[in-house]
Amino acid sequence: LNALVDQRKLWVPKFAIMSSMRAMTLARDKQLRVYKKDARHFFHFLRVGTRWHKYMAHPPLPSDGHHPQMYPVHQGVPMGFTAAAAWAQAYNEQKAREAELPVDSRLVDGKPPPSGFPIWGSILDDVWAIEEDPVDDHFKKGHNWLDGVSRLWAQDGVEEHKKKAVEGAKREEVQGAMVDGVAGWVGVSYQKRLS
């Protein structure tokens, strides 16, 4: 099926390039906090549009006297399908727009990093935010942004993976890069470097 897809016609997703955070500055007296939400069984919930059904069909099941000839078809996006990443990212970008996450605070490939924190990004079934340690505990933009996305997921029947949620961690891996909010750097974690 992947060989039949004209990839030039597919929307190309853009993800955050974490190393671009190195161009950002953090106030000396501040630390970073990381928030993350993960959609549970996300690709099971992504539905294939009807225009794609003819491509997702399996060979027909022959009639047997009780049932007519049937054509099984994928209703959910199969993992490994070349369009799956684009569809997943497009869905989450739409949810970010609906949740009114600010475009100028998004860390994304092909654009300079935001001028300051908080920032956010998304990759497939994950949405994350990084902010400076708030002076007031009630001021948690990252938390509020991601809660808005999570509520929109729930309206569509997409369940949040609660065990993978991160709520204000000071050291956390985001898209494969360790964000050390205490020391104020982003890069490969010590454990990975030791390996």
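The values are calculated or read from the model by the stated rules, or taken from the named source; none is laboratory data. Keep in mind that this is a model prediction, so the values were computed, not measured. With ideal geometry, Cβ positions are generated from the backbone for all residues, glycine too; neighbour counts draw on all protein chains shown. Ligands, DNA and RNA are excluded from the accessible area calculation, which covers all protein heavy atoms including side chains. Shrake-Rupley method; radii C 1.70, N 1.55, O 1.52, S 1.80 Å.
Just a few scattered comments:
- Take the chain with all the other protein chains still there, run a 1.4 Å probe, and you get 62 Å² of accessible area per residue.
- Inter-site label distance for Val73 and Val182 at 7 Å from Cα along Cβ, in nm: 5.5 nm
- Counting protein heavy atoms only, the range 1-111 has 54 percent of its accessible area on carbon and sulfur, 1.4 angstrom probe.
- Per-residue HN-Hα couplings for the range 178-187 [Karplus 6.51, -1.76, 1.60; θ = phi - 60°; Hz; x = Gly/Pro]: 7, 9, 9, x, 7, 7, x, 9, 9, x
- When the Gaussian network model of the chain links Cα atoms closer than 10 Å, the mean-square fluctuations of Pro102, Pro68, Pro113 top out at Pro68.
- Which of Gly80, Leu124, Gly142, positive extreme of dipole for the range 71-153 (C-beta unit charges): Gly80
- Here the Karplus curve 6.51 cos²θ - 1.76 cosθ + 1.60, taken at θ = phi - 60°, turns the phi angles of the range 82-90 into couplings of 4, 8, 4, 5, 5, 5, 5, 5, 4 Hz, with x standing for Gly and Pro.
- Full extension of the chain segment joining Asn2 with His41 gains 11.9 nm, where the gain is 0.36 nm per residue of separation less the Cα-Cα distance.
- In straight-distance terms, cross-link reach from Lys164 covers every one of the lysines whose alpha-carbon lies under 17 Å from its own, apart from those fewer than eight places away in the same chain; here that gives Lys36, Lys37.
- Note on the chain: GNM, Cα springs under 10 Å; of Val108, Val73, Val182, the largest mean-square fluctuation is that of Val73.
- Label sites at Ala154 and Thr25, each approximated as a point 7 angstrom past Cα along Cα to Cβ, lie 4.0 nm apart.
- Site pair Gln191 and Val103 shows an inter-label distance of 3.8 nm when each label is modelled 7 Å from Cα along Cα→Cβ.
- Using a cut-off of 28 Å between Cα atoms, the listed pairs Lys9/Lys140; Lys54/Lys162; Lys14/Lys162; Lys14/Lys141 include Lys9/Lys140; Lys54/Lys162 as exceeding that distance.
- Crossing angle, helix 141-156 versus the chain [Cα axis fit, 0-90 degrees, rounded to tens]: 10 degrees
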